[in-house]
1. Considering each residue of the range 247-286, count those that are in contact (Cβ under 8 Å) with a residue 12 or more places away in the chain, surrounded by fewer than 17 Cβ atoms within 10 Å (Cβ to Cβ) and not aliphatic (A, V, I, L, M), and give that number.
2. Can you tell me which residue is nearest to Q114 (Cα to Cα) among those in the range 32-77 that are free of Cβ contacts under 8 Å to residues at least 24 places away in the same chain and of a type in the set (D, E, K, R)?
3. Regarding the range 179-189, can at least one residue be identified that is within 15 Å of the ligand (Cβ to nearest atom) and in a loop (DSSP other than H, G, I, E, B)?
4. Taking the range 157-184 only, how many residues are of a type in the set (S, T, Y) and over 14 Å from A242 (Cα atoms)?
5. Residues in the range 111-161 that are farther than 23 Å from V88 by Cα and touching a strand residue (DSSP E or B) at 6+ places or on another chain (Cβ under 8 Å): how many?
6. When the residues of the range 58-82 are narrowed to those that are open to solvent by 10 Å² or more (accessible area, probe 1.4 Å), at pLDDT 95 or above and of a type in the set (D, E, K, R), which ends up farthest from the ligand (Cβ to nearest atom)?
7. Across the range 83-98, which residue is surrounded by the most Cβ atoms within 10 Å (Cβ to Cβ) among those that are assigned to a strand (DSSP E or B) and either within 16 Å of the ligand (Cβ to nearest atom) or small (G, A, S) (or both)?
8. Considering each of D270, D227, D259 in turn, give the residue that is closer than 17 Å to L158 by Cβ, more than 16 Å from the ligand (Cβ to nearest atom) and either hydrophobic (A, V, I, L, M, F, W, C) or over 18 Å from the mean Cα position of the chain (by Cα) (or both).
Amino acid sequence: MGPMGEFDFIRWLRERTPTDPRVLVGPGDDAAVLAATHTPLLVTTDMLMDGVDFRLEDVDPVRVGRKAMGVNLSDLAAMGAKPLAAVVSVALPRSAGTSLAKQLHAGLAEMAAQHDCPIVGGDTNSWDKPLVISVTAFGVPGPQGPILRSGARPGDWLVVTGALGGSILGRHLDVTPRIAEAIELQRNARLHAMIDISDGLAADVHHLVEESGCGLVLDADSIPIHDDARRMNDGRSPLDHALSDGEDFELAFAVSPEDGARLVGVQLLDKCPVARIGRFVAERGLWIQQHGERRPLPPQGWVHRFEENDP
Ligand SMILES: [Mg+2]
């Protein structure tokens, strides 16, 4: 690290770590100690690298910290879980000094606090290479237990939160993990299967059908397209962006038609619209339907010619 030194930095971190009843021993000892939960424990991890997942020369490090925490919390949301704690490991470029570490921490801590997730430890190293930041998050199950990708059944609706596409215009760095929404959904509907949209709608729902052993027909006209997707202006259609762009970090989930109709009709989620965008079928595969015509949808997304051929 820079002039401050690792031990000074740990002291700095400890002063900024709020007490939490779930954390018996926080940062500063050889290991953190969490209060036993007596429930299944969920664990997820994600690593972000300068030059691959973001470009530090273009991005405020506070946003990088927010995203590093946010993507992990989004994976907990996808399981219907509540955050319990997180640890953070950082390889800092030596030239950046402690100011970078402090800015990253500001973003990590802000995102973690918004979703009630204490940061209980980690590791801070420096080297002569670009920034690498890895977060591991622990969670406890929501009211319906861990929600897997494998529970969708023929006849279920596929419902999605929010709107999709064009996240590269900025939303990909401003992740809004749907933790509270996933809990609220469980209070209002039986969730059969769920995933967060990180790789793109088509790719991620492909995981749902693979794991559930059934098929899915997406309804092109009901897919909620984000305004960012319409602003892309790169020759690809807004629908193509909604299907193929990654990092929306919305939830896609399978529910019975009865539960789905109630969720969509009453819009039970506060400030987060939900939309029915497809239905699961017995035949294995992934299709998209528009104007009564059904075509196979490859996991990587839209077949561009489809839309151009349409009347
Ligand atoms: Mg995920």
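1. Number of matching residues: 8.
2. Among those residues, the one meeting the criterion is D53.
3. No, the range 179-189 contains no residue that is within 15 Å of the ligand (Cβ to nearest atom) and in a loop (DSSP other than H, G, I, E, B).
4. Here the count works out to 1.
5. Counting residues in the range 111-161 that are farther than 23 Å from V88 by Cα and touching a strand residue (DSSP E or B) at 6+ places or on another chain (Cβ under 8 Å) gives 17.
6. Looking at residues that are open to solvent by 10 Å² or more (accessible area, probe 1.4 Å), at pLDDT 95 or above and of a type in the set (D, E, K, R), I get D60.
7. Ranking the qualifying residues of the range 83-98, first place goes to A86.
8. Selected residue: D259, the only one of D270, D227, D259 that is closer than 17 Å to L158 by Cβ, more than 16 Å from the ligand (Cβ to nearest atom) and either hydrophobic (A, V, I, L, M, F, W, C) or over 18 Å from the mean Cα position of the chain (by Cα) (or both).
The values are calculated or read from the model by the stated rules, or taken from the named source; none is laboratory data. Please read these numbers as outputs of a predicted model, since none were measured by experiment. Here Cβ is always computed from backbone atoms with ideal geometry, including for glycine, and neighbour counts include all displayed protein chains. For the accessible areas, the whole protein counts, side chains as well, though only heavy atoms, and no ligand, DNA or RNA atoms are used. Shrake-Rupley method; radii C 1.70, N 1.55, O 1.52, S 1.80 Å.
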